[in-house]
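The values are calculated or read from the model by the stated rules, or taken from the named source; none is laboratory data. Being a predicted model, the structure only gives us computed values, none of them experimental. Positions of Cβ are generated from backbone atoms using ideal geometry, with glycine treated the same way; all protein chains shown enter the neighbour counts.
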Amino acid sequence: MVIFVTDLNDMNIKLDKPLAILDLEATGLSITKDRIVEIAIVKISSDGSETEFCKRINPEMEIPQEVIDIHGITNDHVKDSPTFKEILPELEAFIENADFAGYNSNKFDLPMLAEEMLRAGSKMDLSQKRHIDVQNIFHKMEQRTLVAAYSFYCNKELKNAHSAKADVTATWEVLNAQLDKYENLENDVDFLTKFSQHGDLSRVDFAGRLALNKKGETVYNFGKHKGKTIKEVSKTEPGYYGWMLDADFPLYTKQCLKSEMDKIKAEREKNKAEREKNEKIRFDSKLDQLKNKFK
């Protein structure tokens, strides 16, 4: 683990807790089926110190050649590397008190990381952390790729693209440059998290299958029930919930959906208990009236 210090004058962002710049390389793009082969994180502290966490990981599956051609990590490179489960304790300790930032991280890196962590038995809830997606900021401002973003904002050529460490370094430099360039970007994590979200609805899960509507209700954010609340669909098509649990959706999406359904069931049980209580009160009252009448 390497620690180095950035000049505070070079930091355009205000940090109230560490910011973990994340990039992953994987066996493919499927959140549910593919596995991480490399993880790189640079954690920036409010005092300007930077700590690196970089690991090659044995994905316990073959890396397809077409993916090797992109990131250059072969099966031989990772055959003797630790599994994700083996590095999990060290990873959790490293990111425990940090928020996240990344490039396209809301769509890929964070869902993939959450999936691996759940699969390995982690209890850490990544949804409680704030997430800045530098790509979404860039696309809202300029509509480009990371290589072009690095050239546009930093006036540099990005070498070794698709190397996790190179991409992390470039992402951190681009984020700093974005804050320097755009006056309407506030330099705090809350604003950047909200600004870099994709779409109008706030995501409930990392894959964006569930979201919050303007009333703060959890809704399906895809398919035939898009925009409908979980509660509404549970009444009109109760089997939809079971279908999602059995289908090829990320574990984190299923966990969020189950949590929402548990709340709905608990509310129904509470309402049922209230109704039974009120019915008993009415019954007892009528019984008392009859007793008094025949005294």
Review point. Which number in (1) in a helix (DSSP H, G or I); (2) of a type in the set (A, V, I, L, M); (3) in contact with a Lys or Arg (Cβ under 6 Å, 6 or more places away or on another chain) marks the one condition that Ala211 misses?
Key: (1)
**Study point:** Residue that is farthest from the chain's Cα centre (by Cα), among those in region 39-73 that are within 17 Å of Asp99 (Cα to Cα) and of a type in the set (S, T, N, Q)
**Key:** Ser49
**Study point:** Qualifying position, being without any contact (Cβ under 8 Å) to a residue 12 or more places away in the chain and at negative phi, among Lys258, Lys291
**Key:** Lys291
Practice item. Find all pairs meeting these conditions: Cβ atoms under 6 angstrom apart; at least six residues apart or on different chains; first residue within region 191-203 and more than 18 Å from Tyr103 (Cβ to Cβ); second residue surrounded by 13 or more Cβ atoms within 10 Å (Cβ to Cβ) and at pLDDT 65 or above. Key: Leu201/Ala211; Ser202/Leu212
Review point. Has region 248-268 got at least one residue that is surrounded by fewer than 10 Cβ atoms within 10 Å (Cβ to Cβ), modelled with pLDDT of 85 or more, not in a helix (DSSP H, G or I) and not aromatic (Phe, Trp, Tyr)?
Key: yes
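Need at least 3 residues that are of a type outside the set (S, T, N, Q), at negative phi and modelled with pLDDT of 95 or more per element, so show me which strands (runs of 3 or more DSSP E) inside region 1-94 make the cut, counting only ones lying wholly within it.
The strands (runs of 3 or more DSSP E) meeting that bar are 19-26, 36-44, 49-56.
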Study note, to complete from the structure: Out of (1) within 22 Å of Ile44 (Cα to Cα); (2) out of contact with any helix residue (DSSP H, G or I) (no Cβ under 8 Å at 6 or more places or on another chain); (3) of a type in the set (A, V, I, L, M), the one Ile132 does not meet is (2)
Review point. Using beta carbons and a limit of 8 Å, which pairs, at least six apart or on different chains, have the first residue in region 157-181 and more than 24 Å from Thr27 (Cβ to Cβ) and the second one among the small types (Gly, Ala, Ser) and modelled with pLDDT of 95 or more?
Key: Trp172/Ala101; Leu175/Ala101
**Study point:** Criterion (of a type in the set (A, V, I, L, M, F, W, C) and more than 18 Å from the chain's Cα centre (by Cα)) met by exactly one of Leu251, Leu210, Leu175
**Key:** Leu175
